[in-house]
Amino acid sequence: MKVLVVGATGTLGMPITHALEDKYEVVRASHSRSPHKVDIADPKSIQALFTKVGKVDAIVCAAGHATFRPLSLLTDEDIQLSLRSKLLGQVNLVRLGLEFVNKGGSITLSGGMLSRAPTPGATAVSMVNAALEGFVRAAALELPRSIRLNLVAPGWVRETLLSLNLDPSPGTPADLVAQTYLYAVESTFTGQVLDVVAAGR
């Protein structure tokens, strides 16, 4: 099975890639430091990636940015970045990638628990994550050729908290989160939002 991992060099992308490459052929793509460059905020970049990579059996996205900032400090650009990158970037991966996914293949996107368990400062992130959940549930009903579409919704990732100099104890280790993505790729269900603790343990 040939799996395209978008965001392969990131905090989640690297362990996801490692979990997959033990079993499958993995094609790595990211904004930088990767054999295949892609900016998911740019539809033309996404199209160029698929044209270069060709047919795949699965797409896993661990890319996309959303701004974490108090509501009173959010700017128009913060909102636009969050929508253009994490939301529309992943929506366009599905739209533009469908013709490159083989029959019975899968697409797995990345959301987050902040859609249902928000915290102060998470307005933009929570908005995007909630929109992604709605998109996945609805779009999965329309995908051709028995292609499956699911979303992984991690909570705080331990390595992310460490990078922010915060207490890592509430976080889930990235390698455990990666197992949930592997589970999504190897499953038979579609239109599902997978919470990491529920699906990964």
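General observations
- Options (1) 38; (2) 30; (3) 26 - which one matches percent of Cα pairs over 25 Å apart as calculated here: (2)
- Most mobile listed residue (Leu109, Leu98, Leu162) in the chain, GNM with C-alpha springs under 10 Å: Leu162
- Most simply put, region 50-201 has about 0% antiparallel DSSP beta bridges, counting only bridges with both residues inside it.
- The long axis of helix 123-139 is offset from the longest Cα principal axis of the chain by roughly 30 degrees.
- GNM flexibility winner over the chain from Ala29, Ala62, Ala19 (Cα, springs under 10 Å): Ala19
- Between Glu21 and Ala138, the simple label model (points 7 Å from Cα in the Cβ direction) yields a spacing of 3.8 nm.
- In the chain, the DSSP-assigned H stretches of four residues or longer account for a calculated mean residue ellipticity at 222 nm of -11500 deg cm²/dmol, using -39500 (n - 2.57) per stretch and the full residue count as denominator.
- Accessible area per residue for region 51-201, computed on protein heavy atoms with a 1.4 Å probe, is 47 Å².
- Global geometry of region 119-176, whether rounded, prolate or oblate, following the gyration tensor of its Cα atoms and the 1.5 cut on a/c: oblate
- Chain lengthening between Thr75 and Arg116 when straightened (0.36 nm per residue, less Cα-Cα): 12.5 nm
The values are calculated or read from the model by the stated rules, or taken from the named source; none is laboratory data. Model, not experiment: these values are computed from the prediction. Cβ atoms come from the backbone with ideal geometry, glycine included; neighbour counts cover every protein chain shown. For accessibility, only protein heavy atoms count, side chains too; no ligands or nucleic acids. Shrake-Rupley method; radii C 1.70, N 1.55, O 1.52, S 1.80 Å.
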